[in-house]
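A.B. asks: Quick one: this structure, given as structure tokens, is what I'll be asking you about.
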Amino acid sequence: MFKIAVLISGGGSNLQSIIDTISASKVGYEITCVIADRKCYGIERAEKNNIKTKIFDRKILKKDISKKIDEYLGNKVDLVVLAGFLSILDENFINKRKGRVINIHPSLLPKFGGSGMFGMRIHRAVIETKEYESGCTVHYVDAGVDTGEIIEQRKVKVEAEDTAETLQKKVLVEEHKLLPKAIEQVLNNLR
Ligand code: GRF
């Protein structure tokens, strides 16, 4: 059984999609712990499902957050899943876990990625530039921001009546399908 850690900063709907997949089907992995960089609703979701949680407060730890999470995880997990985690993990953390850290991003990378591109900013930018499609990407995490190798993407159409808010909702529906599938795929490659 593979062990995964899920790192979050917010609502944790993507975390929920992993939890639901685990309870609905036979998967070869379990969530060992959920780590957040601040108090957030995702932590409550984990607790409701009896998953171990840990908060590393990014406001207190600042640049030390990677080191603290690194020490906490050690070699305990096979895969680290960033599911709406807003802190940037440093090179040391990533290099120790090459091919074992993945992230979900709500755009069709390489478009609308990089530093400062998170949350509603992404969807607003997609609407403003009049893209005809958007979507979500799961990618390996490297030393850059949103630059790692792409594992898989799902697309949505941007309709004329779409706003950043409606687009976010549409993309999130696809994220919830994509992330559990991508986790399975990455873990299969580790077998
Ligand atoms: C998602 O859009 C994810 O792609 C991005 O942050 C958001 C997290 O949403 N990285 P949630 O906390 O999983 O609901």
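We did not get these values from a lab; they are worked out from the coordinates using the rules stated. Fair warning: this is a prediction, and the values are worked out from it, not measured in the lab. Heads up, the Cβs are rebuilt from the backbone with ideal geometry, glycines too, and the neighbour counts pull from every protein chain shown.
A.B. asks: Kindly indicate whether Ser17 is small (Gly, Ala, Ser), assigned to a helix (DSSP H, G or I) and within 16 Å of the ligand (Cβ to nearest atom). Outline the logic, then answer.
C.D. replies: Details: small (Gly, Ala, Ser): yes; assigned to a helix (DSSP H, G or I): yes; within 16 Å of the ligand (Cβ to nearest atom): yes.
So Ser17 fits the description; yes.
A.B. asks: Still on this model: Restricting attention to region 153-191, and to residues there that are basic (Lys, Arg) and either free of Cβ contacts under 8 Å to residues at least 24 places away in the same chain or within 12 Å of the ligand (Cβ to nearest atom) (or both), which single residue is surrounded by the fewest Cβ atoms within 10 Å (Cβ to Cβ)?
C.D. replies: Quick first cut of region 153-191, residues basic (Lys, Arg) only: 154-155, 157, 169-170, 177, 181, 191.
Pick out the ones that are also either free of Cβ contacts under 8 Å to residues at least 24 places away in the same chain or within 12 Å of the ligand (Cβ to nearest atom) (or both) and you get 154, 169-170, 191.
On the way: Arg154: 19, Lys169: 12, Lys170: 17, Arg191: 6.
Once the filter is applied, the top-ranked residue is Arg191.
A.B. asks: Here's another thing I want to ask about it. Which ones in region 47-61 are touching a residue at least 12 places away in the same chain (Cβ under 8 Å) and either among the charged types (D, E, K, R) or assigned to a strand (DSSP E or B) (or both)?
C.D. replies: Once the filter is applied, which keeps residues that are touching a residue at least 12 places away in the same chain (Cβ under 8 Å) and either among the charged types (D, E, K, R) or assigned to a strand (DSSP E or B) (or both), region 47-61 yields Lys52, Thr53, Lys54, Ile55, Asp57, Arg58, Lys59.
A.B. asks: Output the number of residues of region 54-98 satisfying the condition of being under 16 Å from the mean Cα position of the chain (by Cα) and within 16 Å of the ligand (Cβ to nearest atom).
C.D. replies: The total comes to 10.
A.B. asks: Exactly one condition in (1) among the aliphatic types (A, V, I, L, M); (2) closer than 21 Å to Ser17 by Cβ; (3) buried (at least 20 other Cβ atoms within 10 Å of the Cβ) is false for Ile150; which is it?
C.D. replies: Unmet condition: (3).
A.B. asks: Scan region 109-136 and report the pairs whose first residue is farther than 12 Å from Ala164 by Cβ and touching a residue at least 40 places away in the same chain (Cβ under 8 Å) and whose second residue is surrounded by fewer than 17 Cβ atoms within 10 Å (Cβ to Cβ) and among the charged types (D, E, K, R), with Cβ atoms within less than 9 Å and a gap of 6+ or a chain change.
C.D. replies: Cys136/Lys155
A.B. asks: What do you reckon, is Lys67 out of contact with any Ser or Thr (no Cβ under 6 Å at 6 or more places or on another chain) and without any contact (Cβ under 8 Å) to a residue 24 or more places away in the chain?
C.D. replies: Working: out of contact with any Ser or Thr (no Cβ under 6 Å at 6 or more places or on another chain): yes; without any contact (Cβ under 8 Å) to a residue 24 or more places away in the chain: no.
Taking the combined requirement at face value, the residue does not satisfy it.
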